[in-house]
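Trainee: Pasting a structure below so you can have a look.
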Amino acid sequence: MSDVLTDLVPLVAEVSGTRPHEVTGSSRFEQLAEWGSMAALRLLARVEPHWGVRLDLRRFLATETVAELAGVIAEERLRSA
């Protein structure tokens, strides 16, 4: 598991009201307990201070799984390095 994914899983669990052990890289956002637009915005707001990257909203919303979002974050970190 990548460092980004390892850190992202508990954040996703927290903002979605899901137990951390129930969130994995293959978890689909739409299937998480309390996932919706507010949870998505809370997660997006946590990404920038945690990883130092600002994600494009459309790209963020287009991700379907936690692992896919971790990949986008990792890619943006490389780009901004």
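Trainee: Looking at (1) of a type in the set (A, V, I, L, M, F, W, C); (2) assigned to a helix (DSSP H, G or I); (3) touching a helix residue (DSSP H, G or I) at 6+ places or on another chain (Cβ under 8 Å), which one does Leu41 not meet, given that it meets all the others?
Mentor: That leaves (3) as the condition not met.
Trainee: Can you run down the residue pairs with Cβ atoms below 7 Å, 6 or more apart or on separate chains, where the first is in segment 59-81 and within 15 Å of Asp7 (Cα to Cα) and the partner is surrounded by fewer than 16 Cβ atoms within 10 Å (Cβ to Cβ) and basic (Lys, Arg)?
Mentor: Thr65/Arg28; Val72/Arg59
Trainee: Can you report the number of residues in segment 4-21 which are at pLDDT below 95 and among the acidic types (Asp, Glu)?
Mentor: Number satisfying all stated conditions: 0.
Trainee: Another question, if that's okay. Can you spot a residue in segment 6-23 that is β-branched (Val, Ile, Thr), out of contact with any helix residue (DSSP H, G or I) (no Cβ under 8 Å at 6 or more places or on another chain) and surrounded by 11 or more Cβ atoms within 10 Å (Cβ to Cβ)?
Mentor: For segment 6-23, residues β-branched (Val, Ile, Thr), out of contact with any helix residue (DSSP H, G or I) (no Cβ under 8 Å at 6 or more places or on another chain) and surrounded by 11 or more Cβ atoms within 10 Å (Cβ to Cβ): present.
Trainee: Would you pick out the residues in segment 1-32 that are touching a Leu at 6+ places or on another chain (Cβ under 6 Å), in a loop (DSSP other than H, G, I, E, B) and of a type in the set (Val, Ile, Thr)?
Mentor: Once the filter is applied, which keeps residues that are touching a Leu at 6+ places or on another chain (Cβ under 6 Å), in a loop (DSSP other than H, G, I, E, B) and of a type in the set (Val, Ile, Thr), segment 1-32 yields only Thr18.
The values are calculated or read from the model by the stated rules, or taken from the named source; none is laboratory data. What you are looking at is a predicted structure, and each value in this text was computed from that prediction instead of being measured. Note that each Cβ is placed from the backbone with ideal geometry, even for glycine, and that neighbours are counted across all protein chains shown.
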